Structures are given as structure tokens and as C-alpha cells.
Amino acid sequence: MKNIFLILLIGAFFGAKAQVETPASPQTKSILLMNGFAHLGNGKVIENAAIGIKDGKLTLVADARVIKLEQNAYDTVINIQGKHVYPGIIAPNSTLGLVEIDAVRATDDQREAGTYTPHVRSIIAYNTESKITTTVRSNGVLMGQITPRGNYISGTSSIVQFDAWNWEDAVYKEDDGVHLNWYAMFNRWNGKANKNYGERVEELKEFFANAQAYSKENNYEEINLRFEAMRGVFSGEQTLFIHANFVKEITEAIDFGKKFDIKKMVIVGGYDAWRVSDMLKDNNVAVILRRVHELPIHEDDDVYLPYKLPKLLFDAGVLFCLENSGDMETMGTRNLPFYAGTAAAYGIEKEEALKLITLNTAKILGIDSTTGSLESGKDATLFISTGDALDVRTNNVIAAFIQGRLIDVDNHQKKLYRKYSEKYKN
């Protein structure tokens, strides 16, 4: 039997699953979302959209006013007139699921001992039971790149979707890249030059030279786990993510990648990336831009420079996306849509700003063929908001789908709010 829901009843439709934040059941019935504003994530908007979802995929994304639509072909039709539909937001360079409470060491599993640890795989430490994950889903963040921290080479990241029983179910793209923390030129506390900078870079070059030589052979009597983990970087199957912020660090990192013939390289952080935009474009290097809601790094910087960085990179034609690493980063991941909103407030057109947390991120992570935008054939990973999702005042996610599964957008913070709101009503 067909079920046609008015938007006034959508809360009841989703509320049936909002008792406990458990992974959703696979999609079994086709769904048609009608009459909403579809922000496609590729820079376009459809004002009266028809969005069809079947078997976890988007089967229809079109303007309902200009197509012949057979609503009876869908098991469930939902009228979302006046609401906004967005592709699921993707959080790159994240420690979600690795850290629960920063001050409690037993809940912090983001780094391992050692200096060069590319064989450390963050995915096996990923905790799908994290309460923080449900809070970021409530703002439309539905996927993330789970990334280890620390050391010169911190390890290997993986991309997950945020609706799973365990890490095996959560994996979207396993071992997508190796993360290298470029040695800092300056001491973060006193601002003085690090005297060992040149020595550390030479050590890094030696490690890469040995790893590259190792990768050219396949049969070894004794396996070197660290070098084995680097094979994908040299073959081009994995991306080398180099965490660097300043001009000299970025330029030396790019030259370093060229020296070792690294096929895919991305700069993470990139505070000064706008100053070397031509070099980035010439070498096809993308940027995962550091948190924009922060103070400037240099004493003589414009106080608003962090807010303006997205516009500077956008005007320069560099492929980039936004991330949230830093202090209290796990819980702050829910602010990703508002970082894009800040980018829009400082000069980037709103739909282009949306790409910085959706399609651009998917392109940089190598998953844009299946997610990152609302297009037929891609995964049905999306959310519905009653207002502008990039505005902190109007973002109100009422429903979300991950690969067609209707997920619970409730969380423990909302439950506490409802609990104590009732207590103090009288």
C-alpha cells in the first residue's frame, strides 16, 4: 500500500526510529521526496525537486515541474515542501571514534608510540559506539575520514559512514592514505626556528628512499611492516596527506613529493597555501584547509584572515575543502556546516561554499564517483533541514539517510534538553 506523508507528519515517520541510536535497517521500500529545495552539492539548486531513493541509491534527482513523474512507482512519497535537502557532509582529517573524552586517557586512542608508523591503521580503533558521532549526525555530518595523530608519519586513515554496528560495517574506503606530519620550521611555543629542521627532513628522505626501494620488490624473507604500508603511496593506490601550514613547509613538501614520484598528494592545514597557489595548481596538489574559526597564526596577519582563507584559495583556483582538527575537535566536528557558512559570509557564493564540505571533500578523498553530491546513481546519503544548513541559526536537521537507510538524528544532548525542559516547565 502506498503511503503519502504530509510534511506535518514527517516527525512521526522519523520518530518511530528515534528511541535508541541504533544502526538503521537496510532500505527495503522505495522513497520519493517531493517539492523540497535540493542543494545538489555541485553548485546547483533545484527549487521543486523530486528525489527518488531505491536500494540505497539515488534513482531520480530532477525538477518535479518539468518531468513526467509516476508517484505510484514509489512505496513512500514524502512532501517536504519548504524544506532543504543536502548531500551528507564529509569530515576529513577527523578523530571521531578515536577520542571520546580528551581528559580521559582510556578513551583516547588516536596515536601510537614510534616515529614512523605508516602501518598503524586508525580504522581498527574506530569506535562506532561513540556518543559524539550521533551529535555530529544531527547537524548533517554523515561521513568522515578517520585519521591517526602524532609522530612524523602517524599512520593510515580510512573513510567511514556514521551508521554501523562495528568498524567493518562502517568502512567506506579502507586505508585511503598515509599521513605525514611535516617537521615544523618554528617552535609552536616561542616562535623560534627549530634548529633540527634540516636534520629531520633528511631523516624523512632516508626513510622514504628505503621504503621506495623496498616497494620495488615483492618477495622478502622478512617482512618490514612499515615499508609494506608505504607500497600504496608509491604505486598511486593511496594518497600521501602531508600536514603542513607555512610557505617553506608546503613548498618543500611538494618538492619532496616530486622527488619520490608521489602520484597523489594533498596538503592538510595549508594556512599559507594561498601564497603558493600557482605551485599547488601546477603540481595538482589539493588542500584540506585548517579550521577557519581560529585566530591568525602570524602576529602581523589580518585578524580576519582565517575567515578569508577559503575565498583566497577559491579565487586562486585551488581544489580545497574544509576540516576541523584542533582543540576539542571531535565534538566540534558538528560545526563543519557553519565553517562553510563563514566562507560564504566572506565572499564565496553559498552553493560553492557547500561544495567545500561535500563534493570537493569527496573529490580530494577519491570517493566522488559514489558520494558528495545529489546525483542519480550515487549513494543516497543526504539530510533534510527546515532551514539553511550553513547558518547556525536555521540549521535544523529533521531527517537523514545514509546509503538509503533512514537513520536516527536524535542524540543524548537532545534527550537531556527534553528531559530538563520538562522538569522546569512548571
Practice task
Out of the residues in region 63-81 that are in contact (Cβ under 8 Å) with a residue 60 or more places away in the chain and either touching a Ser or Thr at 6+ places or on another chain (Cβ under 8 Å) or within 24 Å of Leu356 (Cβ to Cβ) (or both), state the one that is surrounded by the fewest Cβ atoms within 10 Å (Cβ to Cβ).
Solution key: Asp75
Handout entry: Residues satisfying the stated conditions in region 351-369, i.e. assigned to a loop (DSSP other than H, G, I, E, B) and either within 18 Å of Ala62 (Cα to Cα) or in contact with a Gly (Cβ under 6 Å, 6 or more places away or on another chain) (or both)
Key = Thr358
Exercise for the section: Go through region 32-45 and give me each residue that's buried (at least 20 other Cβ atoms within 10 Å of the Cβ) and either part of a strand (DSSP E or B) or not assigned by TED's automatic domain parsing to the domain that holds Ile402 (or both). Expected result: Leu32, Leu33, Met34, Gly36, Ala38, His39
Problem - Residue that is farthest from the chain's Cα centre (by Cα) [pool: residues in region 215-229 that are more than 13 Å from Phe260 (Cα to Cα) and surrounded by 10 or more Cβ atoms within 10 Å (Cβ to Cβ)] - result: Tyr220
Exercise for the section: Look at Asn245 and say whether it is surrounded by fewer than 18 Cβ atoms within 10 Å (Cβ to Cβ) and either free of Cβ contacts under 8 Å to residues at least 24 places away in the same chain or under 25 Å from Asp301 (Cβ atoms) (or both). Expected result: no
Practice task
Would you check if there is a residue in region 262-272 being under 20 Å from Pro306 (Cβ atoms) and of a type in the set (Ser, Thr, Tyr)?
Solution key: yes
Completion exercise
Here the residues within region 385-394 that are touching a strand residue (DSSP E or B) at 6+ places or on another chain (Cβ under 7 Å), in a loop (DSSP other than H, G, I, E, B) and buried (at least 22 other Cβ atoms within 10 Å of the Cβ) are Ala389
Practice task
Could you look through region 50-90, keep only residues that are modelled with pLDDT of 95 or more and basic (Lys, Arg), and pick out the one that is nearest to Asn139 (Cα to Cα)?
Solution key: Lys83
Exercise for the section: Examine region 128-140 for a residue that is farther than 22 Å from Gly326 by Cβ, surrounded by fewer than 23 Cβ atoms within 10 Å (Cβ to Cβ) and of a type outside the set (S, T, N, Q), and state whether such a residue exists. Expected result: yes
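The values are calculated or read from the model by the stated rules, or taken from the named source; none is laboratory data. Values in this document were obtained by computation on a predicted structure and should not be read as measured data. Reconstructed Cβ throughout: ideal geometry from the backbone, glycine too, with neighbour counts over all protein chains shown.
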